[in-house]
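Notes for the one structure printed next.
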Amino acid sequence: MTGTKRRSALRMLALAGTMLGACLVAQPPAGARDTAPAQSGEVQARQAPNVLVWMVDDVGFGQISSFGGLVDTPNIDRVASMGLRYANYHTAPICSAARASFLTGRMPHTIHVGGHAAGATASPGYDAKIPAEDGTIAANLHAAGYATFAVGKWDHLPTEEATPAGPYTHWALGQGFDRFYGFLAADADNFNPILVNDLTPVARPRTPDYHLSADLADKAIGMIDVSHARDPARPFFMYWATGAAHAPHHAPPEWIAKYKGKFDQGWDKVREQVLAREIAQGLVPEGTKMAPPPEGMPAWDSLSPEAQKLYARQMEVFAASLAYADAQFGRILDHLQAMGELDNTMIVIVSDNGASAEGGPNGLFNEAQVTGGQPPSIASNMRFYDDWGGPKTYPHYAYGWALAGDTPFRYWKQTTHEGGTRVPLVIAWPDRIKAQGQVRQNFVHVADIAPTILDALHVPLAPTVNNVAQAPMEGASVAASFTQPGNPRDGRAQYVELYGNKGLWEKGWSIVTTHRTRTWDWNTARTFDEPWELYDLVTDPGETTDLASSQPERVAAMAREFDEQARRYHVYPIHNLSDTAAESMGKALADFRRRKGKWHFPGPVGNIPSTVAPPISMLGFTMTAKLDLPDAKVTAPVFSSGGQMGGIALYLNEGRPELLLRAVDGSGVSVLADKPVPSGASALELDLAKGERGADGLSTYQVTIRSGDAVLVDKPVRFALPWYFGLSETFGVGVDNGSPVLAGAAVDVPFPGKLTDVEFAFDPEARPFPSLGH
C-alpha cells in the first residue's frame, strides 16, 4: 500500500469509528467527577491530572546534572528524583521534526515535517504542513475538557505562514491550544525577542534585566492562574518550550559568573568526568567506551592558551543559559506546589535533539555567521570575549562542547548517530508513579510520548478534530514502564532520517550512515550511497565498534526494514540540506517574478519573515512612502530588516532620514541627511543602487534620498552587507522588531503620525538569490 493510499485508508477507518468513539471521547479523564454537560458540548474534566511539558532545546544526553552533566539543573533533578529517567529515549535529530512528532504522536515524515520547517520542500514528507487528520495531543486533551497552553518556541510551521496575516492553521491556536505566547522561529534573542501573543505581535515587557526564559515562566504561571481562577478544578496541559539552550546562548551576567573557571579543564576531561557520572548513575553500562572524536577535532591540550580561554568562556555561557532556564522552570514547579497541584501533575522534561555543533570549529559570536561559508577565527571571536552571552552577542559554542554534551555518543544534532538522537527524557507524576528516582532502559521514541500521556490519563484519541476524521497515532504508549522496567532488547524497529543521514533501531541494535556530519556547513551535497554501519547499542552505546562486516545478514535485514518504513512514512525522496535551500530560493524567486519586483505596504506592519520580505539585503531598490508627521523631530523607522548584528534600515533620526547598513559583527555605515523632512504631509524616496562586489568584498552603494523634490542625500558608500541576518530576524514597515538597527532606538514602537503607501521597487529582471548560482 502506498503512503498516500495508507493515509486515505486511515482516514476512512477513523471516520467509520467516529460514531463508536464519540461516547468514549465524552468521558472525562480518570479521576474526574461527573459534571453537567458544558454549553458547547465540551465535557469539563474535574480534578483530573494536569500535564506540564518542558521541551528544552539542543540539550545533549550528558549536559544536565541528573544525566551526568556538569551543568547544575536542580529543578530537573528535582523532577527526576520524584519520577523516572529514560536512558534509551530517541528523537528526531532536528527541532521542527522532533516537536511536530512529539505533539502529534506520529512519525515526522508522515506529518510532513521530515526536516526543518524553514527548509520545507514540495515533497509530501517535507512541506511542513501537518495534515488536519493528525491532530495534536493538545487538541485531544482539549476535547476531553483540558485548558491547553503553549509558551515559547513554535517553529514547526511553514515559514511563509509565520506572518501576521497567517494563515493560522499551523500556529498553536490552530493546533489545539487555547493560548500561545512565544516566538515563531528556530531561536530568539533572549534580550530582544520578537514575540506573538495568541495571533498578535506584541512588544516584550519593558522590565529591567529582561530575559526571555523568565518572561516565559511569568506567562506560563499567569495562564495557569487565569484558568484556575475561572474553574479551579479544570486541568491544564502546558507545553513550555524555552529557547534555552539553543543559540544564542544568553544569560544574566551574574549567572555567567557562577560558571567562571568551571570548564577550564576542556572538553576532553569533561567527557571523561561526564561518562564516569553516567555510569555511576546507571544511565550507561559499566565499561562503556567513549565515541572517538571526529577527524580533525583538536585535543584540548593541543590548543593555544587563547583558544582555551575562548572556548571555556563559550561553555560557561551555555551552562549559565541552561541553568538560568532551569531556575525559571523551578518557579513554575514552586507555583504548582503552592497551589496544591504539583503531586497531581504529570511532568515531562525532554530535549528536542542532541547538542548542536552548528557553532563549528571556533564557535560563533553571531549565529548568523553559520551561513557565511567562512567561520570566524579565534581572533575575531575574542573581540567579543567580555560581551559573550550578553545582549551585544548572539553566540554559539565550538563543536567540541557539542561532542562533550552528547557523551558518550558519536556526533551531534542533525546526525542520526546516537549523539543526534539519544537525549534526556524525564517523566514524573507523584500521585501515580511510585518508582521514584529510577532509570528506565526501555526503547522510547519521540512519537511515543503523546500516546503515552493519553493512555496514562485514560483519554481516548478523539475521532474528529475540527470536524476532520483523525488518523491513528503511530507512536506506542510506554505507560507500562511507569510500574515495570523494560529491556533495551525489546521494542519495535524504528527508522530515523534527516537530510541523507539514515538509521534504524531494532532490539538494541542500530544501523546508521555517516552522510553529513559537518552540520555547520549548509552546502554539503553528496550522493546517498554511504555504507550501513552496525552497532550493538546495549553493549556499545558509544558506537565505537562497527560490526557491519561481521554480521552482513543482520545489516541486510535491517536495511530492508528501513526501506519499508521509509516508503511507509514518506521519507523518499531523500535529499540534502543544500537541496532545500535551492528549492526555498526557487520559491522566493517565483514570488519575486509574480510581484514583478514590487512590494506594496498600505501602512505599518512588522514581524515579516525574511523569506517573504522584499529582498532589500540582496538587491538595489527604490523605496517610496507618504508621511504625515506630527512634528519635525520624529525618531522612528520607515522600514527595518535585521537588528544590531546585521541589518538594513531607513530611520527618521530627529526628523532627518538616515540609512543604516550593519554587518553581523555590529559594525556599519550610516548615511544621514543634513535636513529633516517637514512636519505634516510629505513624500519620501530612497534610491539605493548597488554595484558589483569588489575584490575586497565590498560593494558600492549609491544612496539618494529625496523629500518631495528636494534631494537630501546623494553619496556613495562602500560596505559588505550580509544577505542573511539570522533565524529570528524579521522585516517591518514603520516598526523595528527585536534589537534595533539604529543603536539606542526604541523597538516595537508604532510609527508616530501616518506612514502610508510604502513601496519597494526592484528591477523585475534581477536575480536576487545568488545561492541559486546566479
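Each reported figure results from applying straightforward, stated rules to the coordinates on display, with no laboratory input. In this text, all values refer to a predicted model and were calculated from it rather than measured experimentally. Cβ atoms come from the backbone with ideal geometry, glycine included; neighbour counts cover every protein chain shown.
Give me the distance in nm between label points sitting 7 Å out from Cα along the Cα-to-Cβ direction at Asp631 and Ala379, one decimal.
4.9
Roughly how many nanometres apart are two label points built 7 Å out from the Cα toward the Cβ at Thr624 and Gln337?
Distance between the two pseudo-spin positions: 6.5 nm.
How would you rank 251-262, 544-555, highest first, on the average number of other Cβ atoms within 10 Å across their residues? Mind showing how you got there, number by number?
Values: 251-262: 16.1, 544-555: 13.5.
Ranking, from highest mean packing down: 251-262, 544-555.
So if each residue of separation counts as 0.36 nm, and I subtract the Cα-Cα distance between Arg593 and Glu692, what length gain in nm does that give?
Numbers: separation 99, 0.36 × 99 = 35.64 nm, distance 2.20 nm.
Using 0.36 nm per residue and subtracting the Cα-Cα distance, I get 33.4 nm.
Name all residues of segment 532-571 having a backbone nitrogen under 20 Å from the label point set 7 Å from the Cα of Arg526 along its Cα→Cβ direction, giving them as ranges.
Within reach of a label on Arg526, which here means backbone N under 20 Å from a point 7 Å along Cα→Cβ, segment 532-571 contributes 532-535, 543-549, 559.
Sort Val317, Val53, Val711 so that the residue with the fewest other Cβ atoms within 10 Å of its own Cβ comes first and the one with the most comes last.
Details: Val317 25, Val53 20, Val711 12.
So the ranking, lowest neighbour count to highest, is Val711, Val53, Val317.
What lysines could a cross-link reach from Lys633, if we take a straight Cα to Cα line under 29 Å and drop same-chain neighbours fewer than 8 places away?
Qualifying lysines at Cα under 29 Å: Lys392, Lys675, Lys715, Lys754.
In whole angstrom, note down how far apart the Cα centers of segment 701-725 and segment 174-234 are.
39
Would you mind counting up the charge near Asp264? Only other residues with Cβ under 14 Å from its Cβ, with Lys and Arg at +1 and Asp and Glu at -1.
It works out to a net charge of +1.
May I ask you to order 389-400, 664-675, 447-458, 571-582 by the average number of other C-beta atoms within 10 Å around their residues, highest value first?
Working: 389-400: 25.0, 664-675: 16.6, 447-458: 23.2, 571-582: 18.8.
So the order, starting with the most tightly packed, is 389-400, 447-458, 571-582, 664-675.
Taking a virtual spin label 7 Å from the Cα of Thr544 along the C-beta vector, which residues in segment 52-77 bring their backbone nitrogen under 18 Å of it?
Within reach of a label on Thr544, which here means backbone N under 18 Å from a point 7 Å along Cα→Cβ, segment 52-77 contributes 62.
Given an 8 Å cut-off on Cα distances and at least 6 residues of separation, report the relative contact order of segment 658-774 as a percent. Walk me through the numbers on the way to the answer.
On the way: 136 pairs, mean separation 20.3, N = 117.
Relative contact order comes out at 17 percent.
When a footprinting reagent is the concern and you count Cβ atoms within 10 Å, what order do Leu216, Leu310, Leu157 take, fewest first?
Working: Leu216 29, Leu310 23, Leu157 26.
Taking fewest neighbouring Cβ atoms as first place, the list is Leu310, Leu157, Leu216.
Distance cut-off 27 Å, Cα to Cα: go down the list Lys262/Lys502; Lys289/Lys413; Lys269/Lys413; Lys129/Lys587; Lys129/Lys153; Lys596/Lys626 and report the pairs above it. Can you show the working numbers first?
Numbers: Lys262/Lys502 36 Å; Lys289/Lys413 20 Å; Lys269/Lys413 21 Å; Lys129/Lys587 16 Å; Lys129/Lys153 17 Å; Lys596/Lys626 22 Å.
Correct reply: Lys262/Lys502.
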